[in-house]
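The values are calculated or read from the model by the stated rules, or taken from the named source; none is laboratory data. Note that the structure is a prediction, hence the values are computed from the model and not measured. So basically every Cβ, Gly included, is an ideal-geometry build from the backbone, and we count neighbours across all protein chains shown. Accessible surface areas use protein heavy atoms only, side chains included; no ligands, DNA or RNA. Shrake-Rupley method; radii C 1.70, N 1.55, O 1.52, S 1.80 Å.
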Amino acid sequence: MSAILDARTQAQRLLSESSPAAKLGGLAGVLLLGNAAVQEPGLFIDQAIGGLVYGMILVMISLGLALVLGLMGVVNFAHGALFMLGGYFTYAAMASYGIPFWAALLIAPVGVGVVGIVIEVVVLRRLYGKEPIIGLLATFGLTLMIEEAARFVWGASAVQPAKPAFLTGGTDLGVTQVGTYRLFTVAVATVSVAGVYYLITRTDFGLSVRAGVQDGEMTEFVGVNLPLRFTAMFFLGSAIAGLGGALRVVEFGIDPGAAEEFVLLAFVVVVIGGVGSIFGSVVAGLLVGWAQFLIPVVLSALAVITGVSAINVQGISDLIPFLVMIAVLLIRPRGLFGEEGLLE
Amino acid sequence: MTLLSVSGLEAGYETGQVLFGVDIDVEDGELVSLLGRNGAGKTTTLRAIAGGTEPTVLGGTIGFDGQELSGSAPYEIASRGISFVPEERRCFPRLSVVENIRLAINHAENPKDIETVLEFFPELSEMREKHAKNMSGGEQQMLAIARALAANPRLMLLDEPFEGLAPYIVRRIEDIIAEINDQQEIAVLLVEQNVAAAVAVADYHYILAEGRIVESVSTAQLRANEEVRQRYLGV
Ligand SMILES: Nc1ncnc2c1ncn2[C@@H]1O[C@H](COP(=O)(O)OP(=O)(O)O)[C@@H](O)[C@H]1O
Ligand SMILES: [Mg+2]
């Protein structure tokens, strides 16, 4: 409940701070979406759900990236590799060891979390307080290592375990069918993101983490074992990214390239949301997901109305996250919910 | 009983050594000041005791309750019963009054109750949900002291708590420090440049100049000895 109130005040702040031009743009966007929804309701809902699924996966990756950046000041490029490992661990558990899906969904994130702890203890711990570029380079190197290791073990092409039987069906929404697995993905992602949000904003552990982000040394003077919290947050961020990978591999498969593809998208999400704002990462992840799935529909609907077929740009989809980022930064250079501080 | 016993402390930064053998004893329940001009090494001494990332301790010992402190992490030092109120106050800017205090309570061995702490600071109990960044300098100083008191320490380190405050708040903070020492029986090591303020609350004074303790005197001796005040403190 209070999380919803938070959301309301944050949204109000955003609205009150936007310029008339931005508000006009928002209105135009709503009209365009409405037009697309009316023209092809089935396709529109399909894409809206696709965008939601994709957006929630992006949120799961971005959260860990934002937390680690906020608390430890490290730009963890290897975060995408952890997401990828979540997918591979799930595949290995199910396809190679015959472990049931639900158990794999637990084992894979924990396994990725443990890999995360090893990375934190062996590599990152030496980099706190150093130039950010050093952390970026070190974690970029780690990404290449993990990626090549995955290629060595599981091959260069995508792998995908069989979808569990109880999640294969669809749910009829009248105008279209939604895969049950997609609804399952959204549910699991929502619960885990809400859990992280609760942990950070409402618990004593979260209080010590927020204090650590604001003034690490003072937090230690007050008696908090901050290094332990760094490790715990790294475990948590890694495990959530791993869970994202686990959810994704069953529907779309995973290949070694996912490591870099998804860390870039997660960066885009963190920048759009405002560096360090957990709430911003959630909003931005959904925004990017929906933009990527709905803008093509909007363009094609607009092309039909205006009769200008050039509007319906083919293959624009992969560019959209970056276009959204540019647009947001032009209007709000700090990102949607970014402040001078972190982890608001 | 000697609670804190700093002996032959040498410490410095990458740019060079700053402390050249500092000796300070604080007895259980005592209120002692560390006086010295700007740049003498007062803050460096307190940070060395509290275990800050800087300075680096180069030699000497820091005994607390019979155990050696140097080399321990700041949170370990805090958990032994030392609370540090640093120069810049360093309240957590985007945490509320209650959250700032609760953080200290959550991580102390034998903390005070939050209501007890707030009773001590009626000013703060009227702004429980206010974020520290929206508070005045005096209010922030009170919050920093409240946070330190909440841990119910055996020793409180205060670095120039009167700096930049209006006279009536200075008097209020003086009262608070005296109460913390008298009623709560917490030993205090107070760093000051301002002799008047130090004389108002402390019983015993160490005078630091260029990284060395040059005098250690009672309040009466400090009042009487104009030469010491002139030479080391410029008053
Ligand atoms: N972080 C630091 N890095 C390098 N030198 C420092 C640092 N902090 C203080 N110093 C130097 O150490 C000396 C003592 O400083 P400090 O302990 O802050 O003095 P005081 O608190 O008595 O004013 C000064 O010469 C100061 O320039
Ligand atoms: Mg100082």
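Among A:299, A:39, A:118, whose Cα lies farthest out toward the positive end of the dipole of the protein assembly as shown, if unit charges sit on the beta carbon of Lys, Arg (+1) and Asp, Glu (-1)?
Positive-most Cα among the choices belongs to A:39.
Rolling a 1.4 Å sphere over the protein heavy atoms, what is the accessible area per residue of region B:160-201, to the nearest Å²? Before the final figure, lay out the partial values.
Details: 1790 Å² over 42 residues.
With the other protein chains kept in place, region B:160-201 gives 43 Å² per residue.
Quick one: work out the % antiparallel among DSSP beta bridges in chain B, nearest 5.
60
Give me the percent of Cα-Cα pairs in chain A that sit more than 25 Å apart, rounded to a whole number.
For chain A, the share of Cα pairs beyond 25 Å comes to 54 percent.
Report the semi-axes of the equivalent ellipsoid for the protein assembly as shown in whole Å, largest first, where each axis is √(5λ) for an eigenvalue λ of the Cα gyration tensor.
Computed over the protein assembly as shown, the values are 56, 26, 20 Å.
Output the peptides A:163-170, A:219-226, B:92-99, A:55-62 sorted from most to least packed, where packing is the average of other Cβ atoms within 10 Å over each peptide's residues. It would help to have the intermediate numbers written out before the result.
Details: A:163-170: 12.8, A:219-226: 25.0, B:92-99: 20.0, A:55-62: 28.9.
Top to bottom by mean Cβ count within 10 Å: A:55-62, A:219-226, B:92-99, A:163-170.
Cα to Cα, under 25 Å, and not fewer than 8 places away if on the same chain: which lysines meet these conditions relative to residue B:112?
B:130, B:133
At a temperature of 20 °C and a viscosity of 1.002 mPa s, determine how fast chain B diffuses translationally according to Stokes-Einstein, using the Kirkwood radius over alpha-carbon pairs as Rh; express D in µm²/s, rounded to the nearest whole number.
Calculated translational D: 120 µm²/s.
Once you put a point 7 Å from the Cα of residue A:326 and another 7 Å from the Cα of residue A:166, both along the Cβ direction, what distance in nm separates them?
In this crude label model, residue A:326 to residue A:166 measures out at 4.7 nm.
Which three extents, in whole angstrom, do the alpha-carbon atoms of region A:53-256 cover along their principal axes, largest first?
Answer, in whole Å and largest first: 57, 39, 28 Å.
Could you pull out the longest piece of chain A with no exposed loop trypsin sites (Lys or Arg not before Pro) in it, calling a site exposed if DSSP puts it outside H, G, I, E, B and it has at most 16 other Cβ atoms within 10 Å?
Numbers: sites that count: A:130, A:334.
The longest such stretch corresponds to A:131-333.
May I ask you to give the average projected area over all directions of the convex hull of the Cα atoms of region A:251-344, in nm² rounded to one decimal?
Directional mean of the projected Cα hull area for region A:251-344 stands at 7.5 nm².
What does region A:175-280 give for Rg and for Dmax, in Å, if only its C-alpha atoms count?
Cα only, region A:175-280: 16.8, 60 Å (Rg, Dmax).
Along the charge dipole of region A:53-256, which of A:145, A:57, A:250 sits closest to the positive end, that is, farthest toward it, with unit charges on the beta carbon of Lys, Arg, Asp and Glu (+1, +1, -1, -1)?
So the residue we want is A:250.
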